[in-house]
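Take a look at the structure set out below.
The values are calculated or read from the model by the stated rules, or taken from the named source; none is laboratory data. Nothing here was measured: the structure is a model prediction, and the numbers come from that model. A quick note on method: Cβ atoms are made from the backbone with ideal geometry, for glycine too, and the neighbour counts reach across all protein chains shown. What goes into the accessible areas is simple: the full protein's heavy atoms, side chains included, and nothing from ligands, DNA or RNA. Shrake-Rupley method; radii C 1.70, N 1.55, O 1.52, S 1.80 Å.
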Amino acid sequence: MCGIVGYTGPRQAASLLIEGLRRLEYRGYDSAGIAVVNGRGLEVMKAAGKLSALEQQLAGKLPQGTVGIGHTRWATHGAPTTPNAHPHTDQSGDIAVIHNGIIENAGAIRKMLEARGHTFTSETDTEVLVHLVGELYDGSLEEAVAAALRDVDGAYGLAFISEREPGVIVAARKGSPLLVGVGEDEYFIASDASPLLEHTRSVVYLDDGEMAILTPDGYRIRNLETTQIDKPVNQIEWDLATIERGGYSHFMLKEICEQRESVTNTLRGHLLEEEGTSRVTGLNLSDEQLKRIERIVITACGTSWHAGLIGEYMLEEMARIPVEVEYASEFRYRNPVVDERTLVIAISQSGETADTLAAVREAKLRGARTIGLVNVVGSTIAREVDGGIYLHAGPEVGVASTKAFTSQVAALALVSLRIARLRNLSILQGRDFIQHLQALPDKIQQILNRSDEIEQLAERFVRASNALYLGRGVNFPVALEGALKLKEISYIHAEGYPAAEMKHGPIALIDEMMPVVFIAPKDAVYQKILSNMEEVKARGGKVIALVNECDAQVDRLADACIEIPETHELLSPMLTIIPLQLFSYYVAVRRGCNVDQPRNLAKSVTVE
Ligand code: AGP
């Protein structure tokens, strides 16, 4: 997520902005910049890469001036390059803006402005916005911003400055957090409290539709019309570390709890309800090319590989294309049968996993078409595949992958839907699938709202030494993922298995010390998995059942039961994984493990 900081007051702004951006680094970013009104005009300095690149550019020649804005950018639209970095300026170069969010009608506005002679230097929606403000400026920055925002669709947290109005910052919020820091005769704007703490703990939180006008003499809050609004000044109680985690105890819990938003962001702009299909133009594959695919290979590692297994069920069930899911580390060294009729899908949160990158290169060498489902914009895999879908899940800081997994499954659903509708899926089936997809974020939230229930369940299994996760069909990969989550953060040995496979060996492990987690939504094989629960119960195993309804039959078999909302059978993993993420988190916390940085693990395995 992008970071925003602004200052106006008696002190030099530049060094305060740089320090503020340093406090915002935890949010994840790939470029940074500042703008300062320096008495002679507007000075903008920005650089791709980390803050150090910007500091090198500024070395010893910090812009002089007492009002300025600073930004760290997490690229969503437009690669992480210097021209795409914020701040952006209007046609005249007199007005600068920094922005967090997405302007959804930027394309139309850009065309209108280009027709009026505007020229743009970046691929970003943000630059369009500041050009619009410049076009509307008629002596008041505040009124020009208000007028522009009345014409804009989308989400934003933003701040403008202009050499025409030294000392003034105009900020606005719609969907992306923004707060005013009230200092001693100095005022700040920021996307969260982390850059403010060393200066003030007095803040005013903006709500959607509100603007803040800051000057060295004070601040005023209004809405897009003209009404002045009185807002309370709050005192920040949190320390810096807690602020960086958004108030959560760990990044992993924060990211688990962000999944309503992250799945919404993954799906945003891709669902075509009327046609019952998806828009996936980023694949750079025409419908003709998609129709000609004869075979799909999905390659990834770890959690991403588990998401790929779910993609196999989706693609084979919906699009009737044979799919193989390959560990990238295996694919890269064996002699895979891959050619120009094969589509290779690489899945990677980081976009930097060495094995997955090598698999992509091997697939391309053999003539396959490659696409990437990647979270980090501009990462190596994202740049080397022939096309793809960005997950837009936001930075995933916790080493154990959580929100990236559900976003990967959502992206696979989009690809499956597009191909299936070109082949044998009816428009009504497509519309039905879309309706289920659209309902998922709220259903995820329903489960998250019951996290206390899962925390209490975790308490009962903190001392376990082993655990078995069992699922059937599209929930077999969820059994694998649930087991991986538990073992990688709590260090309890856990295995995932197809439920029917239990009788071919693992059943020998069952005793009263062995928790067995059944992922059992009501699907075509529900009764069969109930029989597997009987087998475990009969041997004294502890049964934890994830079901759609904890009815009498399940209550008789299970020592613990967690209800999951119903959804399309192929989409159920996006719900069944949520309690397993929470379960592993709470067990690991109770065991005193380092949840965000588990021993021996790295967030991105960039070596073999
Ligand atoms: C999962 O929790 C782990 N962090 C790990 O298995 C991870 O999924 C794997 O290393 C792949 O990473 P990637 O998605 O960034 O390629």
_Residue-normalised accessible area of the chain, given per residue in Å² at a 1.4 Å probe_ = 38
*Please calculate the 1.4 Å probe accessible area of C2, with all protein chains present, and give it to the nearest 10 Å².*
10
_If DNA, RNA and ligands are ignored and the probe is 1.4 Å, what is the ranking of D386, D125 by accessible area, most exposed first?_
D386, D125
*Report the Cys residues of the chain lacking a disulfide-compatible partner, meaning no second Cys Cβ under 4.7 Å from their Cβ.*
C2, C257, C301, C593
*K50 paired with N449, simple spin-label distance in nm, labels 7 Å along Cα-to-beta-carbon*: 4.2
*Using 0.36 nm per residue of separation minus the Cα-Cα distance, give me the extension gain between N284 and D207 in nm, one decimal.*
23.8 nm
*Within the chain, which complete DSSP H helices have Cα atoms spanning at least 30 Å along the helix axis and a mean Kyte-Doolittle hydropathy of -0.5 or higher?*
427-448
*Excluding ligands and nucleic acids, what accessible area in Å² is computed for H199 using a 1.4 Å probe, to the nearest 10?*
50
*P(r) for segment 79-121: what percent of alpha-carbon pairs falls in each 5 Å bin, starting at zero?*
5, 18, 23, 33, 18, 2
*How large is the charge dipole for the chain, taken about the Cα centre, if only the Cβ atoms of Lys, Arg (+1) and Asp, Glu (-1) carry charge, to the nearest 20 debye?*
1280
*Using a Förster distance of 56 Å, the FRET efficiency for E275-R11 (Cβ separation, nearest 0.05)*: 0.50
*asked:* With a 1.4 Å probe and all protein chains kept in place, how much accessible area does S401 have, in Å² rounded to the nearest 10?
replied: 10
*So which of K503/K528; K291/K364; K443/K528; K487/K603; K403/K443 end up more than 24 Å apart, counting from Cα to Cα?*
K443/K528
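Averaged across orientations, what area in nm² does the convex hull of the alpha carbons in segment 498-580 project?
5.1
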*Can you put E210, E384, E225 in order of accessible area, largest first, using a 1.4 Å probe?*
E225, E384, E210
*When only the heavy atoms of the protein chains count and the probe is 1.4 Å, how do K522, K46, K542 rank by accessible area, highest first?*
K522, K542, K46
_Two-site label geometry, L509 and R150: point separation in nm, points 7 Å out along Cα→Cβ_ = 6.5
*Per-pair calculated FRET efficiency, R0 = 51 Å: I427 and T226 via Cβ, rounded to 0.05*: 0.60
*Distance-filtered residues of segment 137-162 - backbone nitrogen under 20 Å, label point 7 angstrom along Q91 Cα→Cβ*: 137-152, 161-162
*When the accessible area of the chain is computed with all protein chains present and a 1.4 Å probe, what percentage of it is carbon and sulfur?*
48
_Compute the distance from the alpha-carbon center of segment 487-515 to that of segment 520-562, in whole Å._
15
